[in-house]
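This report concerns only the one structure given below.
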Amino acid sequence: MAGGGPSIGNYTPFTGFVFIFNLIVGAGALTIPHAFANVGIIYGSIALSFLASISYMTATFMTESIAGVNALKRRACELGIDASISDKKRLLDERSDSDDSDAHTEFVPLMVANEVLLDIQGLVLGPTQDALERNVRLKAREPRLHYDLSNKMELAEMAELLFSHRGIVAFYACITVYLYGDLAIYAVAVPKSLREIICPRPSTDAVVWECSNRLNSSDLYRLFVVLFGLLLGPFTFGHVNKTRILQLVSTVIRHASFGLMIVLASVGIAQGHGRSVTDVVSYEKPRNVTTFFGVCIYSFMCHHSIPGLVAPITDKTKVRTILAAAFIDVYTLNFKDYPIQAFGYFLSFFPVFTLSSTFPLICITLRENIRHLASRISNSTSANTITPPRTGLYGFFQTNLYALVALLPPLVVAIFTEDVSMLVSFTGAYAGLGIQWIVPTFLVFCLRRRLAIEWHQMHPMQMIHPDAVASSENKNRFASPFKHETWLYLVLGLSLLFLVLITVTHGMH
């Protein structure tokens with residue numbers, strides 16, 4: 001949830017698919033094969049398909065919410081309500097670019113356009129002849145809401161616009177817990193991978209084994225956790241931007257790793273390795289479904305970044321297709337032996353390369369979320385007030401305090417456990433469920449009612465139902481295909497059911 005910033009340019013729908021796929025195929029996807037094998041192919045296939053479908057549904061809720069929030073912000077700019085000069089200038093530019101388009105141009109009162117020009121230029125200027133003609137042409141048209149995905153925004157920005165104060169606090173608490181879990185997974189996966197490379201496990205049943213005369217496997221793992229924190233922790237105290245080169249290298253390694261795993265799996269199947277088909281089909285352990293649920297939720301997590309990923313896509317009409325392809329295109333392969341040692345080393349370094357590059361960025365994101373959440377709980381700053389950073393010793397201590405609060409807990413968790421599956425299951429089942437299922441559902445629920453109120457204010461003579469905006473002529477082109485409120489209640493009901501089942505299962509274990 002980094003800040004907005006300047007435009008990052010545009011890319012094709014295929015590139016958008018690659019970004020979303022890379023976001024999904026991360027640490028969580030690496031734990032799917034083991035969890036899938038523990039559940040069984042029948043229960044695993046059913047659960048994987050079902051959870052992917054629900055996650056896709058909530059992803060479409062996100063795209064609808066992004067377009068709706070853009071419409072509300074654009075309407076506020078037209079009315080001059082809490083609109084910055086840059087927002088107003090962008091609104092004028094959008095009007096200028098869309099003069100020849102009749103399908104999505106909305107009514108703008110004459111005086112509003114004049115006021116926008118005055119605010120931008122800072123001078124008492126009358127409307128230009130083109131502006132007069134444009135407003136005369138628009139005035140005869142029906143007021144409309146303009147839905148689009150071009151304006152980049154963050155999930156927190158959407159939550160602050162649609163949620164109440166308690167909802168915003170709950171949202172920040174949820175995403176903070178999720179980011180803590182994410183960092184803990186990174187802090188475990190990287191040292192564990194390095195330990196397995198330097199001191200290989202003698203057998204699959206070995207828990208602690210000797211690596212040298214002075215260190216065993218557990219000591220070596222904790223040493224790598226400390227080194228991991230010392231090497232990457234300092235970036236938490238500053239501002240780190242992921243460069244294009246780093247993204248490219250991470251993307252190449254990620255795709256090469258999964259491509260290599262597919263090849264190795266195909267070779268193994270062709271050579272008759274592994275269990276027989278009868279054994280694979282007959283094996284089933286439905287009691288492990290709850291753990292598998294948490295793993296899948298974590299693996300399918302991309303919702304917190306959808307607002308920033310869909311904005312640069314050139315053809316917005318293909319967003320739903322891109323999301324569907326990204327959720328379908330997940331491989332569930334299990335690997336135990338590597339025929340070539342070089343391949344084994346390369347695959348073992350996969351989490352080291354990919355997770356180390358994102359650990360500092362997530363730490364900084366968590367640091368800023370903790371700071372924002374603390375300010376909201378204490379009511380020390382209002383939503384519309386920008387507090388300048390403090391200087392001196394207190395400012396230095398304040399900045400470092402939040403950085404330490406973000407950095408140290410994940411490292412402490414990593415010191416005491418190296419079970420990535422357990423961390424993924426917990427993070428995905430609770431905080432991940434909130435970010436991926438509950439937050440998008442409440443966003444679209446609140447958005448539809450806000451749009452209904454806005455539409456009624458634009459058309460005071462019409463008495464409409466809260467859902468009537470979507471069925472009117474002014475449709476949201478990016479609305480979810482799951483329009484009926486029954487889908488919202490279904491997702492919330494399933495969320496509650498799975499929370500109860502997961503809590504009971506964890507309590508039993």
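Laid out as a table, the results:
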read-out: The stretch 27-77-the stretch 434-453 distance, computed between alpha-carbon centres (Å); value: 15
read-out: Simple spin-label estimate for Leu404 and Thr486 in nanometres, 7 Å along Cα-Cβ; value: 5.6
read-out: Sorted peptide list for 359-366, 171-178, 214-221, criterion being average Cβ within 10 angstrom, highest first; value: 359-366, 171-178, 214-221
read-out: Projected label distance in nm at Ser49 and Phe349, using a 7 Å step from Cα toward the beta-carbon; value: 4.0
read-out: Gained length - Leu223 relative to Thr417, 0.36 nm times residue gap less alpha-carbon distance; value: 68.5 nm
read-out: Efficiency of FRET between His456 and Gln271 - r from beta-carbon atoms, R0 60 angstrom, step 0.05; value: 0.35
read-out: Label point distance in nm, Ile377-Val169, each placed 7 Å from Cα along Cα→Cβ; value: 0.9
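Each reported figure results from applying straightforward, stated rules to the coordinates on display, with no laboratory input. Predicted, not measured: the structure shown is a model, and the values here were computed from it. Here the Cβ is made from the backbone with ideal geometry for all residues, glycine too, and neighbour counts use every protein chain on show.
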